[in-house]
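> One structure is given below, represented as structure tokens, and several questions about it will come after.
FYI, it's all coordinate maths here, none of it is from the lab. Because the structure is predicted, anything quoted here is derived from the model rather than measured. Here the Cβ is made from the backbone with ideal geometry for all residues, glycine too, and neighbour counts use every protein chain on show.
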Amino acid sequence: MDLSVDLSSEAFKAHPYPAYAALRLDSPVHRLTGPMGSEVFLITRYQDARDALADPRFSKEPKAAPEWAKVMAGVGDDEGPMGRNMLNSDPPDHTRQRRLVNKAFTPRRVEALAPRIQRITDDLLDAVAGEPETDLMAALAHPLPITVICELLGIPLADRRDFAVWTRMLLASPATEEGILSRRQGNEEMSRYLVDLIERMRPGVDPDRDPDSQPDLLSALIAPGREDQLDGRELLGMVKLLLVAGHETTVNHIGNGVLALLRHPEQLALLRSRPELLPAAVEEMLRYDGPIERVPMRFTTEDVEIAGTVIPKGSAVNIVLGSADRDERRFADPDALDIERKDNQHIAFGHGIHYCVGAPLARLESRIAFRSLLDRFPGLELACKPEELRWRIGGPNIMRGLDTLPVRLGTVADVPR
Ligand code: HEM
């Protein structure tokens, strides 16, 4: 069996699942040369992936892997392109940083955002209703999450377009000169903007602003009494992380989810006829084609044996969520989209201490987006052949998402508001 995988090729991105199935079978801990020329281990089975996500021997800090830290230093971001943040920290730093934002994302706090998210979604769909055909990525999947996360953080909406551009620049490939330059430039421009914004939002700078009475998260993070909890570098890293993690992921989840439904008309019809299945359908879309194909790199702090393979201390490891969630050892008929699936303990949001802090928000956005889309456009269908769709390649390539998603909207249903 051919087990060669080129994670950055267009062909692989178009059909990654058969290749991952072959790895699960014959090489569940697979060593390969990553796009930056250094060695990476892929973990592809569900139980191994879940265990590794919660295993403290897998550090998030690149300094645990000197070879890798050297490569990252070469691209000018030895802490990752988003700087120092909870996603690339181990306890106790991780614990302290996460505690500061946990409260903002509890299901109850997030649920209060529903009317506003519904309004943003309705406005976006109003703008394209009546058009025969549209690119759903541009019309809904991109603008909805970036608008929501900017509002939540307190970032002026007028600047949200810049963030979409900077995020793309930050996620450029570190394997090419052009990509390295793009990462540096994106990072610098975003940092400059945010440092200035944070300064303007600090108590006392703008007499009309009282951070204590501002409902946004950024004001809460810099409110008096909070200064000692995050240093300047960490505050910047936190805001960048929330913007990037809270944006690209949900964009691709909406795109991949709509595509999955459109390619399975019987499941789409079932969901239309039984709207109460929506929460389960969202979980199944996350399992079937989640937006994070591989979680950001972890590094072994000692030799770790998994499925008979020893991963040496100081190695870089990629846990492949996209493969784990299709593991036949865990899920019956894993390549089928089944919105009535029982016992769907997917790991699209991760597991362990880094489990996605934004999961309640992502689920809410996604449920509102799918419900509104299906209610408004009963004839929604794909406007191209599936093989004409282009999956995004480039960057560290850990995301799975479409460049564009051309759809025919059909007639617009009159939905009560
Ligand atoms: C469908 C959408 C989303 C998916 C599939 C997703 C997935 C994930 C995954 C797999 C992780 C763990 C990464 C790891 O272990 O290395 C993670 C962490 C994280 N996510 Fe999400 N995410 C989504 C949406 C969001 C949103 C909307 C936010 C908004 C704020 C967010 C913020 C974060 C943060 C801050 C972390 C780091 C948590 C930590 O290190 O403790 N995510 N996400």
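> Amide H neighbours of ILE306 under 5 Å, at least 5 residues apart or on other chains, H built in the peptide plane: list them.
Answer set, sorted by chain and number: ILE311.
> Place +1 on the Cβ of every Lys and Arg and -1 on the Cβ of every Asp and Glu in the chain, take the dipole about the Cα centre, and give the residue among ILE43, TYR355, ALA129 whose Cα lies farthest towards its positive end.
Comparing the listed Cα positions along the dipole, TYR355 ranks first.
> Calculate, in nm to one decimal, what SER9 and ARG57 gain on full extension: separation in residues at 0.36 nm each, minus their alpha carbon distance.
Result for the pair: 14.2 nm of gain on full extension.
> Moving on. Taking GluC sites (Glu not before Pro) that fall in a DSSP loop and have at most 15 other Cβ atoms within 10 Å as cut points, what is the longest piece of the chain between them?
1-301
> Give the Rg/Rh ratio for region 274-417, taking Rg as the radius of gyration of the Cα atoms and Rh as the Kirkwood radius, to two decimals.
Ratio of gyration radius to Kirkwood radius for region 274-417: 1.03.
> Taking the alpha-carbon set of the chain, what are its Rg and Dmax in Å?
According to the Cα coordinates of the chain, Rg and Dmax are 21.2, 68 Å.
> Sticking with this structure for a sec: Report the Cα centroid-to-centroid distance between region 247-311 and region 166-182 in angstrom, as an integer.
One Cα centre to the other: 25 Å.
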